[in-house]
Structure formats: structure tokens, C-alpha cells
Amino acid sequence: MVQKTFFIILLLVSVVHSQEKIQLIDSTSKEPISDVVVYSSSIQQISDDEGYFLLDLFVNTDSISFSHIAYKKLFLSYSELELISFIELSKKEISTKQIDVVSKNDFENSIITEKIELNNMKRAALLQHQKY
């Protein structure tokens, strides 16, 4: 009887002290997202390789932020997080201006082509001037 009671108490203690993990996943692919910075005003942590972070490290009054370079920033309260086991993050739209990649040879060839065209224009102007 004593062993049974001890086992039940041990089980209850382990349940109470278990850490609540929440997983961060991509909203499209449903794959885990690692290296998300999860922080509040008092603590900061980074999600592991499987996208998990520990909710238990935060205070129940915290507003918790989620930040990753490839995803939109998200803000949730501790009370909202207590009710869920995963969070979906949406990818950021990153736009850049057009970038032209030119090899050194192409660049030199374009300069030569421009010089030839300029010389042809000068020659045409000179011939035009000589006609009058």
C-alpha cells in the first residue's frame, strides 16, 4: 500500500513539474521552425531544432513575441498560449529590386560596343557635315 501511494505521489509530482512545450510550425508546409526568438520583457529563448520552446519559463502575465527573419512577427499573451500545443507562423513577403548579374567579359564587351556605336555616330555626323 505504501509503495502504491508513493508511486501515485511521484506520478503527480512529475506531471506538475513537466515542462509545457509549444511547437512553432510553418503555416504552409506544417514543418517545424527552428531558431525562432521567443521573448518577453523578462526572458528570451530560441526554439530548438524541432521548433519547440518552453512556455514555463515565462510569467503568466507576459506578452510573448515570436521573431524570425523569414516569418512575420507574432505577439500572443501567456493565457492564449496555455490553451494550444502549436503555433503557425506565416512567411514574410520579401521583395527586392531587380538585380542584373553581368560577368566581367560581358561588361567589357558592352563598353566596347558602346564605343563602336559612338564612333559610328560621330563618323555619320562628320559625313553628314562634309556633304554640305
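The values are calculated or read from the model by the stated rules, or taken from the named source; none is laboratory data. On a predicted model such as this, the values are computed, not experimentally measured, just so you know. All Cβ positions, glycine included, derive from the backbone under ideal geometry; neighbour counts span all protein chains shown.
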Restricted to the stretch 38-47, and to residues that are assigned to a loop (DSSP other than H, G, I, E, B) and more than 15 Å from Asp26 (Cα to Cα), which residue is modelled with the lowest pLDDT?
Ser42
I'm told Tyr132 meets every condition in (1) aromatic (Phe, Trp, Tyr); (2) at pLDDT below 95; (3) surrounded by 10 or more Cβ atoms within 10 Å (Cβ to Cβ) except one. Can you identify the failing condition by its number?
(3)
Out of the stretch 48-69, which residues are assigned to a loop (DSSP other than H, G, I, E, B) and in contact (Cβ under 8 Å) with a residue 24 or more places away in the chain?
Glu50, Gly51
Filter the stretch 17-51 down to residues that are polar (S, T, N, Q) and touching a Phe, Trp or Tyr at 6+ places or on another chain (Cβ under 6 Å) and give me whichever is surrounded by the fewest Cβ atoms within 10 Å (Cβ to Cβ).
Gln45
Looking at the stretch 70-86, I want the residues that are charged (D, E, K, R) and have a partner that is at pLDDT 95 or above with Cβ atoms under 7 Å, at least 6 apart or on another chain. Which pairs are those?
Lys72/Leu89; Lys72/Ser90; Lys73/Ser65; Lys73/Phe66; Lys73/Ser67
Does Lys91 count as of a type outside the set (Ser, Thr, Tyr) and more than 16 Å from Lys30 (Cβ to Cβ)?
no
